[in-house]
Amino acid sequence: MTSPSPAVLEWLERLIALDTTSRDSNLPLIDLVAEHARSLGLSPHVFPNDEGTKANLVITVPAADGATDGGVMLSGHSDVVPVDGQAWASDPFTLTERDGRLYGRGTADMKGFDAVVVAALGELVAAPLREPVHVALSYDEEVGCIGAQPLVDGLRSVGLAPRVCFVGEPTSMRMIRGHKSINLVTIRFHGLAAHSSLTAQGVNAIEHAASVVRYWRERADAWRTEGPFDEAYPITYTTGSVNQIAGGNGVNIIPAECSVTLEFRSIGTAADDQAEIDALIAFCTEVEQAMQAEDAAARVEVDVRAQTPGLDTPVDGEAVALGEALGLLAQDDKVTYGTEAGIYANAGISTVVVGPGDIAQAHKPDEFIEVEQLAQCEAFIGRLIAHLRA
């Protein structure tokens, strides 16, 4: 069994030890990696969010002639999903090896890739490059790829425009050209409380919310039976689901408040996604009118929390060509999970997804990555450096 270098394992251990659950700050990780870059003589760009609680990081290793134009971006995210309520056999924030597997929150999704590219910075600096390499670490990918567009804006603000990008989400080191979009919507229903024996005096927020839940289930059923379909996906149609609902504060009180969070993952275009959201908003307006017929003060609020575009890089795209030159094969299949790749592609950067680990391990208790996968990723980055050497 091939193993990664000690430097990769050391960086993975350090990154896993930092709890960067999306609800918390990622600044300890960003500061750690940025300081490492400075120790190598690099000048990292740190782009904080508006609150200053989180940040994106871009580290550029210039070409041998000092140029930073174009180049290759290696993209990872810094945040992880919660471990709350999960039964782990070992501390999720302590890297633990068992039987050729490395366990810890984020090992697969996606601090394994992050560790490989951070460990490679020294070699990138030492190797005179024909074109620059940009290492990018974003915040809040796990809650709707919120940090990716600000990262793109940050790149533009400092005059950086990578020509290709490898997003290191876990694909078992397969090069993926396409994935679905992610659209996340929260709907809040504001009714009127009353004693449950006096139903006519209240506006039941839960009951009105239920009509939207039913509407959304009918949309999901229609996608499943009527399409459109794309046979390249393991689930060949757009999917929709209601994932959270909360409301009411007593068994004998007409509930005044209810919130519903739903999502859909689409095989369609951005215009198709927006049309679906517009139709949902129109239906919610009808529900609001029904509530206001019971009490004029009732209302419905629709909050589109995330719209992450899908990815559909053509087989002759620059990123595909570079991946093939580095020994990867262009896959015909697409994946159902979303990544930041669509955002980078929409910014004009030819993008594919390729990274170590299996997405099936992501978000689970006892998340792990195979040691062999890290070694394969390190070898891939090594081939990239050799390919770019001046």
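The values are calculated or read from the model by the stated rules, or taken from the named source; none is laboratory data. Computed from a predicted structure; not experimentally measured. With ideal geometry, Cβ positions are generated from the backbone for all residues, glycine too; neighbour counts draw on all protein chains shown. For accessibility, only protein heavy atoms count, side chains too; no ligands or nucleic acids. Shrake-Rupley method; radii C 1.70, N 1.55, O 1.52, S 1.80 Å.
Residue 65 contributes about 130 Å² of solvent-accessible surface, heavy atoms of the protein only, 1.4 Å probe. Shown in residue order for the range 162-179 are the 3J(HN,Hα) couplings computed by the Karplus curve 6.51 cos²θ - 1.76 cosθ + 1.60 at θ = phi - 60°: x, 8, 9, 9, 10, 8, x, 4, x, 10, 6, 6, 8, 8, 10, 9, x, 8 Hz (x for Gly and Pro). Counting only other residues whose beta carbon sits under 13 Å from that of residue 204, what net charge do I get with K and R as +1, D and E as -1? For residues surrounding residue 204, the net value is -4. Centre-to-centre separation between the Cα atoms of the range 176-237 and those of the range 319-341: 32 Å. Note on the chain: with neighbouring protein chains present and a 1.4 Å probe, carbon and sulfur make up 51 percent of its accessible heavy-atom surface.
Mind checking which of 59, 359, 245 has the largest fluctuation in a GNM of the chain, springs on alpha carbons under 10 Å? Maximum fluctuation in the GNM of the chain, among the listed residues, is at 245.
The string of couplings for the range 202-208 from the Karplus curve (6.51, -1.76, 1.60, θ = phi - 60°) is x, 10, 7, 5, 5, 5, 6 Hz, one whole number per residue in order, with x for Gly and Pro.
Seen against the Cα atoms of the chain and their longest principal axis, helix 148-157 is set at about 50 degrees.
Think of each Lys and Arg Cβ as +1 and each Asp and Glu Cβ as -1; about the Cα centre, that makes the dipole of the range 111-165 roughly 240 debye. Taking a ≥ b ≥ c as the square roots of the Cα gyration tensor eigenvalues, the range 302-390 comes out oblate, since a/c reaches at least 1.5 and a/b does not exceed b/c. Please say if the range 92-145 is rounded, prolate or oblate, where rounded means a/c under 1.5 for a ≥ b ≥ c the square roots of the C-alpha gyration tensor eigenvalues, and otherwise the choice is prolate for a/b larger than b/c and oblate otherwise? Note, shape of the range 92-145 comes out oblate. Comparing 138, 211, 350 in a Gaussian network model of the chain, where Cα atoms under 10 Å apart are tied by springs, the biggest mean-square fluctuation is seen for 211. Which shape class, rounded, prolate or oblate, goes with the range 245-371 when its Cα gyration tensor gives a ≥ b ≥ c as root eigenvalues, a/c under 1.5 marks rounded, and past that a/b bigger than b/c marks prolate? Because a/c hits 1.5 or more and a/b fails to exceed b/c, the range 245-371 counts as oblate. Against the chain, whose longest principal axis comes from its Cα atoms, helix 270-294 is set at around 30 degrees. Taking the longest Cα principal axis of the chain as reference, the axis of helix 371-388 is set at about 60 degrees. Amide H to amide H distances under 5 Å link residue 367 with 104, where only residues 5 or more positions off or on other chains count and H is placed in the peptide plane. In this structure the amide hydrogen of residue 140, modeled in the peptide plane, comes within under 5 Å of the amide hydrogens of 78, 79, none closer than 5 places in sequence on its chain. Rounded to the nearest 0.05, the FRET efficiency derived from the C-beta distance between residue 252 and residue 225 at R0 = 45 Å is 0.65.
Across the range 112-128, computed HN-Hα scalar couplings (Karplus, 6.51 cos²θ - 1.76 cosθ + 1.60, θ = phi - 60°) run x, 4, 4, 4, 5, 6, 5, 5, 7, 4, x, 5, 4, 5, 6, 8, x Hz from first to last residue, x flagging Gly and Pro. Excluding ligands, DNA and RNA, the accessible surface per residue across the chain is 41 Å² with a 1.4 Å probe. Relative to the Cα centre, the charge distribution of the chain, modelled as +1 at Lys and Arg Cβ and -1 at Asp and Glu Cβ, gives a dipole magnitude of about 380 debye. If you model the chain as an ellipsoid using its alpha carbon gyration tensor, with each semi-axis the square root of five times an eigenvalue, the axes come out at 42, 23, 20 Å, biggest first. Kirkwood's formula applied to the C-alpha pairs of the range 30-181 gives a hydrodynamic radius of 16.6 angstrom. When the GluC sites (Glu not before Pro) in the range 157-256 are filtered for DSSP coil states and for at most 16 other beta-carbon atoms within 10 Å of their beta-carbon, the remaining sites are 231.
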